1. If you average the sequence gap of Cα pairs under 8 Å that are 6 or more apart and divide by the length of the range 4-121, what percent do you get for the contact order?
2. Roughly speaking, what is the stretch gain from ALA97 to LYS44, that is 0.36 nm per residue apart minus the C-alpha to C-alpha distance, in nm to one decimal?
3. Between the range 1-34 and the range 54-111, how many Å separate their Cα centres?
4. Within 12 Å, Cβ to Cβ, of PRO76, how many net charges do the neighbouring residues add up to if Lys/Arg are +1 and Asp/Glu are -1?
5. What does the net charge come to around GLU8 if you take all other residues with beta carbon closer than 15 Å to its beta carbon, with K and R at +1 and D and E at -1?
6. Hey, which of these cross-link pairs are over 32 Å Cα-Cα: LYS5/LYS120; LYS5/LYS122; LYS54/LYS122?
7. Past 20 Å, Cα to Cα: identify those pairs from LYS49/LYS99; LYS21/LYS49; LYS20/LYS47, in the order given.
Amino acid sequence: MYSEKVMEHFRNPRNVGEVKKPDGIGEVGNPVCGDMMRITIKVKDDKIKDIKFKTLGCGAAIATSSMITELAIGKPLKEAEKISRQDIADALDGLPAQKMHCSVLAADGLREAIADYRSKIKK
């Protein structure tokens, strides 16, 4: 059902935890399945310098959270916020159709963290 890459990110997730003194926080959830994600970022020179996640959910939710951190780290904000649910699924060598909502949550969580950062620097 799951690719080996999904299983690898589930068993050994990358960037778990929370960035100290984050510049942006994204919190998203799916009330239907119960998955909850919190993504924190540190920004320097308009790039994601550090990113971490905390996820409560299924294996696919953990794997997509882990993958979004790997795809986003070091990227300029404009590039990072364009990472799509399909980009995440492709990087994991695919997700079952019923688990694609997990990649949506991960992409939305990152975009929310970036939006939170931007709202703070405009003040």
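1. Details: 234 pairs, mean separation 36.9, N = 118.
The value is 31 percent.
2. On the way: separation 53, 0.36 × 53 = 19.08 nm, distance 3.60 nm.
Length gained, ALA97 through LYS44: 15.5 nm.
3. 8 Å
4. That works out to +2.
5. Value of the local net charge: 0.
6. Numbers: LYS5/LYS120 36 Å; LYS5/LYS122 39 Å; LYS54/LYS122 27 Å.
From the list (LYS5/LYS120; LYS5/LYS122; LYS54/LYS122), the Cα-Cα distance tops 32 Å for LYS5/LYS120; LYS5/LYS122.
7. On the way: LYS49/LYS99 29 Å; LYS21/LYS49 13 Å; LYS20/LYS47 17 Å.
Violating the 20 Å Cα-Cα cut-off are LYS49/LYS99.
Since every read-out is calculated from the coordinates, none of them should be taken as a lab result. Source: prediction; values computed, not measured. As a convention, Cβ positions derive from the backbone with ideal geometry for all residues, glycine included, and neighbour counts pool all protein chains shown.
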